[in-house]
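Accompanying notes for the structure given below.
Please treat every number below as a calculation from the coordinates, not as lab data. Source: prediction; values computed, not measured. When we count neighbours, we look across all protein chains shown, and the Cβ atoms used for this are built from the backbone with ideal geometry, even at glycine.
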Amino acid sequence: MAALLVTGGAGFIGTNFLYYLCRPQGGLNLSITVLDALHYAGRKERLQPLIDAGRIKFIRGDICDQTLVASILQRERIDTVVNFAAHTHVDRSIADPAPFYRNNVEGVCTLLTACCQYFLDEGHGGRFHQISTDEVYGTLSPDAPAWTEESPLDPSSPYSASKASADHFVCAFARTYGLQASISRCSNNYGPYQFPEKLLPSALQHLLTGQPVPVYGDGLQVRDWLYVDDHCKAVALMLGLKPKPHQALVCNVGGGTELTNLAFLELLYQTLRRIFKARPELTARYPDCMALKDQPFEAVITHVADRKGHDRRYALNDDKLSALSGYAPSVSAAQGMERAVLWYIEHGF
Ligand SMILES: NC(=O)c1ccc[n+]([C@@H]2O[C@H](COP(=O)([O-])OP(=O)(O)OC[C@H]3O[C@@H](n4cnc5c(N)ncnc54)[C@H](O)[C@@H]3O)[C@@H](O)[C@H]2O)c1
């Protein structure tokens, strides 16, 4: 049986990944331990059904605590570490970069050191996988080709600088010590369980409560939107690929859906209008909802000052992962948006 340690598993993508691995049709023979410090975006209660069903063990703790990490690797006989733990909000990193350095760089170094000790020095063998981001590549002009894994890292924000730094450490541990390691660099995820400071849940909360949605600058920043289930599938596929000796395996994971923030928000608004038309009972629950007022999209947004250093465009070429594993995103933007909006309406934020 494979023994996974999933760090940062109580956050948005980690939670989706755990439900993805434990879905009834999954059929995977896994023992799963989750380590999460439960910082502001971590929600243990969302994992409670998996904990109660004995599908995962949950430990509250910090990836910067090497003694704790080493003891978990030993006790649970871990052979694969998948690291989702990070501080992730660009605006927070601009206001205060220090937690981004600590959790995203020092934390990854600590995990890597503990993995080297247990997997290599003590000879147990094992693999480290880092969840990274397309933001490490910086920003693209409108007509530039999408980034490949060979594109130089050129991060703009303290958040993306911390993630790029972590990527360099993962590659260095593979090259220097021979740690078996991989990195997936994904684009903007959306879906259930996302902390409400991020674009989709924040905009949806505004719309449901009758407030205009704030849009940074002209709203024409382009992102490649990835439904979170497709990302989980990609990570699972990557874990099935063996990195070459002394070389971290790096793969981009895109959603195949480049949209401006305005286009993404308009899709959200039109999806919400359709759902409210089909389900009149929602009117009593959300009497102030913008979708009830039959206004044009332009009337439900408000432009605000742009974010400092806001990257203009992200686009990923994920041909490498497709060629190696057959990966392709299977959820369209329209399908993903409908699923996500319905989920938040049913479960809250
Ligand atoms: N959300 C996206 O669109 C996106 C896109 C690209 C990459 N990523 C990457 O995916 C990973 C997960 O992102 P997310 O959106 O789920 O983040 P999130 O902010 O929702 O969750 C992060 C989780 O990490 C935990 N954590 C933070 N510091 C920790 C520490 N020192 N020790 C233990 N746990 C700690 C938090 O408690 C939280 O549960 C991150 O590494 C992020 O950089 C996210």
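Excluding Y286 itself, what net charge comes from residues whose Cβ is under 14 Å from its Cβ, given Lys and Arg +1 and Asp and Glu -1?
Here the charged neighbours net out to +2.
Just to confirm a number: summing +1 for Lys and Arg and -1 for Asp and Glu over residues other than K320 whose beta-carbon lies under 10 angstrom from that of K320, what do you get?
For residues surrounding K320, the net value is -4.
For an R0 of 45 angstrom, estimate the FRET efficiency from the Cβ-Cβ distance between V304 and Q48 and round to the nearest 0.05.
The value I calculate is 0.75.
Can you sort C251, C171 by how many other beta carbons sit within 10 Å, fewest first?
Going from least to most buried by this count: C171, C251.
Would you kindly compute the Cα radius of gyration of the chain and its largest Cα-Cα separation (Dmax), both in Å?
In order Rg, Dmax, the Cα atoms of the chain give 20.2, 65 Å.
Could you tell me what percent of the DSSP beta bridges with both partners in the chain are antiparallel, to the nearest 5?
5
With both bridge residues required to lie in region 175-326, what share of the DSSP beta bridges run antiparallel, to the nearest 5%?
20
Show me the helices of the chain, taken as full DSSP H stretches, that run 15 Å or more along their long axis by Cα and average -1.0 or above in Kyte-Doolittle hydropathy.
Length and hydropathy pass: 158-177, 228-239, 261-278, 333-347.
Could you state, as a whole-number percent, how many of the C-alpha pairs of region 222-349 are farther apart than 18 Å?
64
How big is region 131-241 by Rg and Dmax over its Cα atoms, in Å?
Over region 131-241's Cα set, Rg and Dmax evaluate to 16.6, 55 Å.
Give, as a single signed number, the net charge of other residues whose beta carbon lies under 12 Å from the beta carbon of E106, with Lys and Arg counted +1 and Asp and Glu -1.
-1
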